[in-house]
Amino acid sequence: MVRSASEKRLDFLTTHSILLVLALVFIFPVVYTLMTSFKSRGDVLTRPPTIMPREWSLEAYDTVINGSPMVRTYIPNTFINSFFSSLLIVPLAGLAGYTFSRYKFRGSRALELTVLGLMMIPGLTNLLPLYRMASDWGLLNTNEIMIAVYTAGGLPFSIWIVRSFFDAIPRELEEAAMIDGCTPIGALWRVIVPLALPGLFAAFLLNFVDTWNEFLAAVVLAISDKTATVGLYDFQSSFEIAYNVWAAASIVIVIPVLAVFLALRNIFFRAMLEGALKG
């Protein structure tokens, strides 16, 4: 059915109005946090609260950057945990996803469903055994235990992401490479991996962002060697909460991961689009 120009215009306005409202709903907390970070301590406590600061102040950022270990210790700890766990996930998820995509063996379907089921287990249920294991092995408050936990936690989801990309790559390309003299491993490395790079990159970036914001495991397993999200509690005392400092710390924490995402957003969105079309 052919629609008139007025109907198309109405659809356009309706769709974009809904998207604008949703965008404002999601953006408002970020804007409010940013404005709060530039308020002084007295300005934060004024009633009724205001969005814009009455007097712009950098005292909250000075407290976060110069008066706390946030920039010197907590953010580097978070980067180490997030980067290396995401880096480990890429080859592990790639090999598992390739195996599920190309090889069918007895129990393979059950194994796939088991991997899928692991995503349904709440992380809270694993904290007690993880704490006991880390304590027995002397790994509490270390980057090693955090990297291991984040790697294990991110693998099931990453395997299914990467597998969809391998499924979309024709088997004939591998067969042609092996006819030309490649071994199965050579065909995988020279032909399949370059074609699956968008999926591998998407898995890396999604896990990097997810582990950067992770709190529950970090607050239990890294009590003294804190990550950035756990370090936010440094700005809360028994008598007061410095909301402007909390807001400034939140902005400082989000800047590195936001910069990485913005710098690599074109590759990420292209990977997601290709995965949707191929899937």
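Here are the numbers:
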item	result
Which of T14, T229 has the fewest Cβ neighbours within 10 Å, and the rest in rising order	T14, T229
Candidates P69, P184, P91: whichever shows maximal mean-square fluctuation once the chain is modelled as a Gaussian network with Cα springs under 10 Å	P184
Normalised contact order of the chain, rounded percent, pairs of Cα under 8 Å and 6 or more residues apart	30
L216/V71 FRET efficiency (R0 22 Å; Cβ-Cβ; nearest 0.05)	0.40
Exposure proxy ranking, count of Cβ atoms within 10 Å, fewest first, for M120, M146	M120, M146
Helical segments meeting 18 Å axial Cα length and Kyte-Doolittle 0.5 threshold in the chain (DSSP H)	5-37, 75-102, 143-168, 193-212, 243-263
Dipole magnitude of the stretch 1-158, debye to nearest 20 (Cβ charges: Lys/Arg +1, Asp/Glu -1, about Cα centre)	540
Selected from P53, P156, P198 as most flexible by GNM, with the chain as the system and alpha-carbon contacts under 10 Å	P53
Cα centroid separation, the stretch 1-54 to the stretch 89-141 (Å)	40
Where GluC sites (Glu not before Pro) fall in DSSP loop in the stretch 24-121, at most 12 other Cβ within 10 Å	E55
Loop trypsin sites (Lys or Arg not before Pro), the stretch 91-175, which have at most 10 other Cβ atoms in a 10 Å radius of their Cβ (DSSP)	K104, R106
Kirkwood Rh, Cα atoms: Rg over Rh of the chain	1.07
Longest site-free stretch - the chain; sites: chymotrypsin sites (Phe, Trp or Tyr not before Pro), DSSP loop, at most 13 other Cβ within 10 Å	138-214
For q = 0.09, 0.10 Å⁻¹, Debye-computed log10 I/I(0) when each Cα of the stretch 32-162 counts as one equal scatterer	-0.50, -0.58
Highest-MSF residue in the chain out of V245, V30, V230 [GNM, Cα springs under 10 Å]	V30
Sites R41 and M133, calculated FRET efficiency, Cβ-Cβ separation with R0 41 Å, nearest 0.05	0.45
Sites E172 and Y103 - FRET efficiency at Förster radius 25 Å, r taken between beta-carbons, to 0.05	0.90
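Since every read-out is calculated from the coordinates, none of them should be taken as a lab result. Owing to the predicted nature of the structure, the values given are computational and were not obtained by experimental measurement. Ideal geometry is used to build each Cβ from the backbone, glycine not excepted, and the neighbour counts take in all protein chains shown.
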